[in-house]
Amino acid sequence: MAALGNPDMLTRKIKLWDINAHITCRLCEGYLIDATTVTECLHTFCRSCLVKYLEENNTCPTCRIVIHQSHPLQYIGHDRTMQDIVYKLVPGLQEAEIKKQRDFYQKLGMEVPGDIKGELFSMKPHLDPQRNGEVKTEDTVNKETAEEKPEEDNDYHRSDEQVSICLECNSSKLRGLKRKWIRCSAQATVLHLKKFIAKKLNLTSFNELDILCNEEILGKDHTLKFVVVTRWRFKKSPLLLHYRPKMDLL
């Protein structure tokens with residue numbers, strides 16, 4: 001019990017070097033950016049690195065387990081928790097990555113997507129409470145969070161990068177949507193679309209649906225941005241998606 005009261009143990013510092021192996025990508029050997037985890041084995045990589053790797057492989061780069069014989073991209077998912085941990089542990093990494101993305105779009109003469117514009121403003125000051133010598137109390141942080149919340153709640157993701165979508169029905173067992181053209185946040189997932197369609201068609205459950213792109217069933221956790229990048233990269237807007245009853249092969 002005496003050890004628990006040892007002040008040296010309470011103030012023990014861990015060097016970043018000692019945990020690098022847990023927060024770096026095995027493919028590029030850099031810190032994880034847009035961390036993406038293989039659902040089969042829970043190994044994590046940068047999304048761009050993993051997507052590029054899976055264009056020619058169907059196994060995990062770390063343990064070589066088969067992710068899926070034909071559609072491995074459906075069995076990976078964005079790991080927000082891991083990415084938050086990396087950004088908190090590595091000083092300046094998030095700011096540097098956002099700057100790279102902004103510079104990339106500006107170099108191409110393209111408008112900077114809304115999600116990149118807003119990401120800097122979404123970084124919470126209390127994650128680094130001693131920055132510029134300022135120490136914020138918990139009451140101050142809670143007050144600032146409460147003041148920011150109404151604005152965030154009223155935004156409804158309008159500041160996110162947007163995706164235009166055309167939802168077509170390719171089964172005689174379901175009716176088409178009256179308004180098949182929609183525009184929504186690129187951070188929305190296929191699951192969100194399933195729930196939207198199920199509500200519009202008065203279905204008992206969104207689990208009755210499959211959503212496809214280029215005749216390939218999409219994983220429910222895929223974001224629309226991920227679908228555009230991996231399935232619609234060189235095609236014109238809108239993103240064309242089809243829906244049908246699950247297991248309907250017609």
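Give the residue, chosen from Glu29, Glu97, Glu111, Glu40, that is modelled with pLDDT of 90 or more and acidic (Asp, Glu).
Values: Glu97 fails: modelled with pLDDT of 90 or more; Glu111 fails: modelled with pLDDT of 90 or more; Glu40 fails: modelled with pLDDT of 90 or more.
Going through Glu29, Glu97, Glu111, Glu40 in turn, the sole match is Glu29.
Search region 71-116 for residues being free of Cβ contacts under 8 Å to residues at least 40 places away in the same chain and not in a helix (DSSP H, G or I), and hand back the single one that is least open to solvent (accessible area, probe 1.4 Å).
Going through the qualifying residues, I end up with Val112.
Looking only at region 26-70, which residues are assigned to a loop (DSSP other than H, G, I, E, B), under 19 Å from Tyr87 (Cβ atoms), without any contact (Cβ under 8 Å) to a residue 24 or more places away in the chain and open to solvent by less than 60 Å² (accessible area, probe 1.4 Å)?
Answer for region 26-70, where residues must be assigned to a loop (DSSP other than H, G, I, E, B), under 19 Å from Tyr87 (Cβ atoms), without any contact (Cβ under 8 Å) to a residue 24 or more places away in the chain and open to solvent by less than 60 Å² (accessible area, probe 1.4 Å): just Gly30.
Grab the helices (runs of 4 or more DSSP H) fully contained in region 126-237, keeping just those with 3 or more residues being open to solvent by 40 Å² or more (accessible area, probe 1.4 Å) and at pLDDT 90 or above.
Values: elements: 138-155, 190-200, 224-231.
It comes to 190-200.
Please find, among Thr189, Thr204, the residue that is among the hydroxyl-bearing types (Ser, Thr, Tyr) and within 22 Å of Leu73 (Cβ to Cβ). Working first, answer last.
Values: Thr204 fails: within 22 Å of Leu73 (Cβ to Cβ).
Thr189 is the lone residue from the list that is among the hydroxyl-bearing types (Ser, Thr, Tyr) and within 22 Å of Leu73 (Cβ to Cβ).
The values are calculated or read from the model by the stated rules, or taken from the named source; none is laboratory data. Because the structure is a prediction, the values reported are computed rather than measured. Quick reminder, even Gly has a Cβ in these numbers, built from the backbone with ideal geometry, and neighbours come from all protein chains shown. Ligands, DNA and RNA are stripped out before the accessible areas are found, and what is left, the full protein with its side chains, is counted by its heavy atoms. Shrake-Rupley method; radii C 1.70, N 1.55, O 1.52, S 1.80 Å.
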